[in-house]
Amino acid sequence: MTAGPADRTHEREVGRARARKEDAHLVTGQTTWTDNISVPGMLHMAVLRSPMAHARIDRVDVPPALERPGVVAAFSGRDLADGLASMPCVWPVTEDIVMPDHPPVAVDEVRYAGDPVAVVIARDRYAAADALEAVDVDYTPLEPVLDLEAALAEGAPLVHADKGTNRCYVWPLTTGEDWDAVRARADVVVSRRFLQQRLIPNAMEPRAVVVMPIAASGEYTMYSATQIPHIVRVLMAMVTGIPEQKLRVIAPDVGGGFGSKLQVYGEEAVALAVARTLGRPVKWTESRSEGYLATHHGRGQIQDVQVAATRDGKLLGLKVDLLADMGAYLMLITPGTPLLGAFMYPAIYKMDAYAFTCTGVFTTRTPTDAYRGAGRPEATFAIERMMDELAAELGMDPLELRRRNWIRHDEFPYTSIAGLTYDSGDYEAATEKALALFGYEGMRAEQQERVRRGDPVRLGIGISTYTEMCGVAPSRVLRDLRYAAGGWETANVRMLPTGKVEVVTGTSPHGQGHVTCWSQIAADVLGVPFEDVEVVHGDTRAAPQGMDTYGSRSLVVGGTAVHEAAQKVVEKARRIAAHLLEAGEDDLDFAEGVFSVKGSPDARRTIQEIAFEAFSSHDLPDGMEPTIHADHVVDPDNFSYPHGTHLCAVDVDTETGHTRIRSYVCVDDVGRVVNPVIVEGQVHGGLAQGIGQALYEEAVYDADGNLTSGTMADYLVPSAVDLPEFTTERTETPATTNPLGVKGVGEAGTIASTPAVVNAIVDALRPLGVTDVPMPCTPERVWRAIRQARGEEDAAPTDRRPEGTVPTTGQAPAPSEEGLA
Amino acid sequence: MNRISVTVDGVAYQDDVEPRLLLVHYLRDRLGLTGTPIGCDTGSCGACTVELDGRSVKSCSVLAVQADGGEVTTVQGLGAPTGGLDSLQRAFHEKHALQCGYCTPGMIMAARDLLRENPDPTPDEVRHGLEGNLCRCTGYQNIVQAVLAAAREGQEART
């Protein structure tokens, strides 16, 4: 650990590998998960869900449930409709977007398997679950809508018949030269179709909500397993009509989110409505299998991508046409999620033309929304896969192709063709470091040697040189994107009379380590011990203002707010110190928590002494407000652009189709690092989720629209044996857009790793004629891809995906689109 | 209703329970021992792992009546009552083997069982030993390191 020149005794906290303050209660089980909360008189809610993907509700008969033991109340969608507005979507991405009504409990029609139709309230969770079977519902089945392309065809069955279309929106972004002109002058055009399969986020803590009403005063306290207590409060006030000042939302210990708890859920609204009606506390906790149906999914896109280039490997242009599966309803940011990728397809590369279109499509499936990376993993996958495909077409090393096109270190700041200004980066440095750690040349030599000797287990090498946009977000940019809210973050720093410190943050951690990192930041600025700082978060009464945690924003925006608020505290304290020391403010030094008069080191006051002076207020400068507390709100000027180089080596058994990751090396540049241990942990977890998409995970629906990967036994969340040991390293190119020099890290690993793994698999099999393997690259799919390349099997997939649903990737591209133009 | 006698974290209880009551719901809802969380409904995730008569079990897959006459240890029974950590708890903290912490109680209880059977495991043996416990945050790397660190500490204590 290094200490600054003016700071020889007090070790700087920022950059230090501090073990977390958060851990003690978590490793001992002294936790406050929402489902742990139990209060006198509390009732339990269970939700009856549609067993069909699409059906008209002819009748819901709830009174028989009331006959069951322990049941207190039961409500149909119609019973609840009067007290609850439609669930909100805050990102109407175009002026003419189709925004269907979304009742928290269905009234006339169910539109996905799992759509709620009634709730039962009972004295315990077993009684509530038992009584669901007594609710009698008559359905008339309607046609499911599952294939994104068929859904857009004339005469297709409609998810929302009153809207007259399944097309939710069309959102274009065209920049630079004309795509058709660029395509016409290109030597090479490569086209591919990729499928971003649906994923289930799988935060380890299922969702839960507890509502405690005080009926007499109309006040409500809601505990929820959420990433966004502040946003939930605003929107629940709107949905339920409960005045915002009467509603307190608390996110207690929250067991992971990954975007799935960046949501405002119908069950939260219904729990409030039931508590209001009954005047009793109510708890709802989802089972895992219920959550697979009812907690939003991620990804779910068909990507048609074309790159145009010269014969010597200069990128000329990129065209992207997306079909994005909205699912049955628009939830909080459903329509905007794929568009978070729109700006990232050009990635780290320079080009002359970029043409992007996204078409949102309604289907009769669980709604999609943000899942770790949200739009950016899809974009990064597409461009990094295409760079490998273009390199193969040109007969060029994929790394060399990237080098010829990426933004050089001396070109920063650089405005990408999509219009983002990347403040800083050093793709050369990260790549050189990664190559050395990986032993790239040796791997390539071994690869060729194994091909020569006909080893049935092929070695493949995958590259991903990614960047991403995070640290959401400048409020004016959000306005331009038609997002309803801002992207600022707040902090309040207060020094208590005893010299201890409370930092109040508007971020809402659920595993990220904000308590530790915010303590490190505040301790450095104030010159106080790390142990003396406590961080308050996740309660709208204790931390009244915030935009919460998602989009790798917390450190970049919220951490900056802590830094700036702490600076304000020092400046206020300086005024008191100058008064007490009878010196000018400019004549004071401040170091290690001590104000001293320049040239008279004995004339000094500690910041803790000043805190007590502010508390007693006996001798403050005239006219000074008696406090050194300070607030700061940061609205960032720009996004944050971490980047890095990921290299993956796989052994692919061509006889069984089995893939084993042999080596995974990544060098990430997330700017300056507050806590290297926490950063490394974020990278590890991100890698695991990105590799999960590449190899293991998929939400599978049958031809009737039933989720067949409907339990944790059917959906493969990777275990310890499914993942390799990672080699993680860093380069540090400070961000120039915030005083800490930090960039986001929460999503980087997920964004980078999926294409690295799939590129490695395709690289292993390319000598066999394989040009793609659809995700997840299961042994069966790898084996089939090899057989297809050999002409032993038709291209049409025969695995679990039924006919008539979205086509898989790996289908042979149209010959006219391929090869030398 | 069935009457059961069970000792949990050193305290003896007698309770009337429905035959279908899961051990994890007995621990959480009847005894208030909420340190053991529930992560799934198919015995897949291992978040609810506790020790029953010296072996690790997923308490969502055991009925409370099956624990009759037995001795249960949960994560809340480890370490000192005043908050001192046992070697695995400490290793998880020091190696940053947890982020959200939801899987941690089960992970620690499964690791205890693993180290009892194999006090000196290889990294690969740790990964296989914890295969029934899912974590979505850490990518497992630091969990493996924590278990290996606790194993080393156990070795040193014995020598």
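Just so you know, all these numbers are worked out from the coordinates, no wet-lab data involved. Remember, it's a predicted structure, so these values are computed and weren't measured experimentally. Cβ coordinates were reconstructed from backbone atoms using ideal geometry, including for glycine residues, and neighbour counts include every protein chain displayed.
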>> Can you classify region B:19-131 as rounded, prolate or oblate using the Cα gyration tensor, where a ≥ b ≥ c are the square roots of its eigenvalues, rounded means a/c under 1.5, and otherwise it's prolate if a/b beats b/c and oblate if not?
In response: prolate
> In region A:258-339, which trypsin sites (Lys or Arg not before Pro) are in a loop and have at most 14 other Cβ atoms within 10 Å, using DSSP for the loop call?
Replying inline: A:311
>> Between residue A:450 and residue A:727, what's the calculated FRET efficiency when r is the beta-carbon distance and R0 is 22 Å? Round to 0.05.
In response: 0.50
> Across the residues of B:28-41, average count of Cβ atoms on other protein chains within 10 Å?
Replying inline: 6
> Which net charge results for the neighbourhood of residue A:376, defined as the other residues with beta-carbon distances under 10 angstrom from its beta-carbon, given Lys and Arg at +1 and Asp and Glu at -1?
Replying inline: -2
> So if we plug the beta-carbon distance of residue A:217 and residue B:128 into 1/(1 + (r/R0)^6) with R0 = 56 Å, what FRET efficiency do we get, rounded to 0.05?
Replying inline: 0.50
> Taking each residue of A:682-691 in turn, how many C-beta atoms of other protein chains fall within 10 Å of its C-beta, and what is the average?
Replying inline: 4
>> Need the full-extension length gain, residue A:67 to residue A:184, defined as separation in residues times 0.36 nm minus the C-alpha distance. One decimal, nm.
In response: 34.8 nm
>> I'd like to know which of A:755, B:27, A:472 lies farthest towards the positive end of the charge dipole of the protein assembly as shown, counting +1 on Cβ of Lys and Arg and -1 on Cβ of Asp and Glu.
In response: B:27
> Which value in nm describes the separation of the simple spin-label points at residue A:624 and residue B:5, placed 7 Å from the Cα toward the beta carbon?
Replying inline: 7.0
> For the protein assembly as shown, with the dipole built from +1 on Lys and Arg beta-carbon atoms and -1 on Asp and Glu ones, taken about the Cα centre, which of A:41, B:49, A:783 lies farthest toward the positive end?
Replying inline: B:49
>> Loop only by DSSP, 14 or fewer other Cβ within 10 Å of the Cβ. Give me the trypsin sites (Lys or Arg not before Pro) in region A:386-437 that pass, ordered by residue number.
In response: A:408
>> If you restrict to DSSP beta bridges whose two residues both lie in region A:641-742, what percentage is antiparallel, to the nearest 5?
In response: 70
>> Using Cβ contacts closer than 10 Å as the measure, can you line up A:76, A:287 from fewest to most?
In response: A:287, A:76
>> Which order do the peptides A:151-160, A:715-724 come out in when sorted by mean C-beta neighbours inside 10 angstrom, highest first?
In response: A:715-724, A:151-160
> Between residue A:38 and residue A:790, 0.36 nm times their residue separation minus their Cα-Cα distance comes to what?
Replying inline: 264.6 nm
> Can you list the residues, at least 5 places off or on another chain, whose amide H is less than 5 Å from the amide H of residue B:41, using H built in the peptide plane?
Replying inline: A:288, A:289, A:712
>> Neighbour counts of other C-beta atoms within 10 Å: give me A:768, B:98 arranged from fewest to most.
In response: A:768, B:98
> Based on the Cβ-Cβ distance of residue A:637 and residue A:484, what FRET efficiency does E = 1/(1 + (r/R0)^6) give at R0 = 22 Å, to the nearest 0.05?
Replying inline: 0.60
> By average Cβ neighbour count within 10 Å, what is the ranking of A:601-609, A:361-369, A:493-501 from highest down?
Replying inline: A:361-369, A:493-501, A:601-609
> What spacing in nm lies between the two simple spin-label points modelled at residue A:656 and residue A:30, each 7 Å away from Cα in the Cβ direction?
Replying inline: 4.7
> Which whole-number percent gives the relative contact order of chain A, counting Cα pairs below 8 Å spaced six or more residues apart?
Replying inline: 16
> Rounded, prolate or oblate: which one fits chain A, using the alpha carbon gyration tensor with axes a ≥ b ≥ c (rounded when a/c is under 1.5, else prolate when a/b beats b/c, else oblate)?
Replying inline: oblate
> Ranked by Cβ crowding within 10 angstrom, fewest neighbours first, how are A:423, A:455, A:548 ordered?
Replying inline: A:455, A:423, A:548
> Hey, what did region B:87-158 get for relative contact order, percent, Cα under 8 Å, at least 6 apart?
Replying inline: 49
>> Hydropathy at least 1.0 by Kyte-Doolittle, axial extent at least 20 angstrom from the Cα trace: which helices of chain A, defined as entire DSSP H runs, fit?
In response: A:748-765
> Where in region A:330-353 does the amide nitrogen come within less than 20 Å of the point 7 Å from the Cα of residue A:174, taken along Cα to Cβ?
Replying inline: A:339, A:342-346, A:351-353
> From the Cα gyration tensor of region A:150-205, with a ≥ b ≥ c the square roots of its eigenvalues, which class applies: rounded if a/c is under 1.5, or else prolate if a/b is larger than b/c, or else oblate?
Replying inline: oblate
>> Please compute, for peptide B:85-95, the average count of beta-carbon atoms on other protein chains lying within 10 Å of each residue's beta-carbon.
In response: 3
> Nearest 10 degrees, 0 to 90: what angle lies between the long axis of helix B:104-117 and the longest principal axis of chain B (Cα atoms)?
Replying inline: 70
>> For the pair residue B:159/residue B:71, report the inter-label distance in nm, with labels modelled 7 Å from Cα in the Cβ direction.
In response: 3.0
